[in-house]
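Each remark here refers to the structure printed beneath this line.
What follows is calculated from the coordinates using simple rules that are stated; it is not laboratory data. This structure is a prediction, so every number in the text was calculated from the model and none was measured. Don't worry about glycine lacking a Cβ; one is built from the backbone with ideal geometry, like all the others, and counts go over all protein chains shown.
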Amino acid sequence: MKLGIQCSRDWNITPDEMVMMQKHKLPDSENARCLMACVYRKAEWMDGKGMFDVAGAEAMVEKTHGDDTTMIENSKKLFDVCKSVNDETVKDGDKGCDRAEHLFKCLTENANKMGFKI
């Protein structure tokens, strides 16, 4: 949430779009996609070339949930499924907004299958 607030300074979204995102739905707007790219970059889940950084995502989960081996293992499984977003063709290249949309969708569509309640 804190990262989203930081990123919203550069990528303004409407209150309705914020509500959608809180409900794990990504609005169909460039600002929403780019806000997610910003959040993923700040969280070190996306690199400077707009690619999903699986190692960075795993490191953050281990740092944040070091005592919870189930959370770590389920996260790794989820990231393994979603790393395929790096193979998808995007129109905005290094900007990362399009890939952030793919990653957001993959994470939210597969989270329940990996034991996460969203």
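Here the alpha carbons of the chain define both size measures, Rg and Dmax, at 13.7, 40 Å.
Pairs K76/K117; K25/K63; K2/K117; K42/K95; K63/K83; K25/K83: which exceed 23 Å Cα-Cα?
Going by Cα-Cα distance, K25/K63 fall outside the 23 Å limit.
Rounded to the nearest 20 Debye, what is the dipole magnitude of the range 2-114 about its Cα centre when Lys and Arg each give +1 and Asp and Glu each give -1 at the C-beta?
Working: 17 positive and 21 negative charges, 33 e Å.
Taking the Cα centre of the range 2-114 as origin, the dipole is about 160 debye.
Please state the relative contact order of the range 2-114 as a whole percent: Cα pairs under 8 Å, 6+ residues apart? That works out to 27 percent.
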